[in-house]
1. Evaluate the following for Gly103: is it modelled with pLDDT of 95 or more and over 22 Å from Gly3 (Cβ atoms)?
2. Only residues that are over 15 Å from the mean Cα position of the chain (by Cα) and aliphatic (A, V, I, L, M): list them for the stretch 48-66, please.
3. So which residues in the stretch 1-15 are farther than 21 Å from Glu130 by Cα and surrounded by 13 or more Cβ atoms within 10 Å (Cβ to Cβ), if there are any at all?
4. Is it true that Tyr22 is over 23 Å from Met1 (Cβ atoms) and surrounded by 17 or more Cβ atoms within 10 Å (Cβ to Cβ)?
5. Scan the stretch 54-67 and give yes if some residue there is in contact (Cβ under 8 Å) with a residue 24 or more places away in the chain and touching a His at 6+ places or on another chain (Cβ under 8 Å), otherwise no.
6. Taking strands (runs of 3 or more DSSP E) that do not extend beyond the stretch 28-132, which have at least 1 residues that are surrounded by 20 or more Cβ atoms within 10 Å (Cβ to Cβ) and in contact with a Phe, Trp or Tyr (Cβ under 6 Å, 6 or more places away or on another chain)?
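The values are calculated or read from the model by the stated rules, or taken from the named source; none is laboratory data. From a predicted model like this one, the values you see are computed outputs, not experimental measurements. Note that we place each Cβ from the backbone using ideal geometry, even for glycine, and neighbour counts take in every protein chain shown.
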Amino acid sequence: MIGKVNHIGIMVKDLDQAIESYTRGLGAVLERRMESSDLKLRIGILMKGSLEIELLEFKDPDLPIPRILRADKPGISHLCYEVNRLDETIKELEAKGFKLLEGFPRQGAHGRIAFVAPPHEPLERIELFEVG
């Protein structure tokens, strides 16, 4: 079902400034930049040791997916967990009270993803990433 943490997602207001801070200040290494035109999203993928950090800058936080992901709230956004069978995992979590967020599953920066909110805190975001 749920595997290891794949990455941590952080919402930023200015991707270029955030990359500069993480690389120069914290010694993280920029692996790649990506863009998603449909979400008006710029992404910076960095590594700090074995930790992957995904910096996310939404140009329009009022679009449906960015609004659901709380793109207007800078800071730590989510932890992403690896799963083998995304659809099965979603069903199991929903049976345990987790809520699949609108617009998911869908293709993400790393592959097929979904976001869920746990029953104890509807504003918390957990990303599930299908591996294998």
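1. Working: modelled with pLDDT of 95 or more: yes; over 22 Å from Gly3 (Cβ atoms): yes.
So Gly103 fits the description; yes.
2. Of everything in the stretch 48-66, just one residue is over 15 Å from the mean Cα position of the chain (by Cα) and aliphatic (A, V, I, L, M), namely Leu63.
3. Within the stretch 1-15, Met11, Val12, Asp14, Leu15 qualify.
4. So Tyr22 fits the description; yes.
5. yes
6. Details: elements: 29-36, 41-48, 51-58, 75-83, 112-117, 126-130.
Passing ranges, in order: 41-48, 75-83, 112-117, 126-130.
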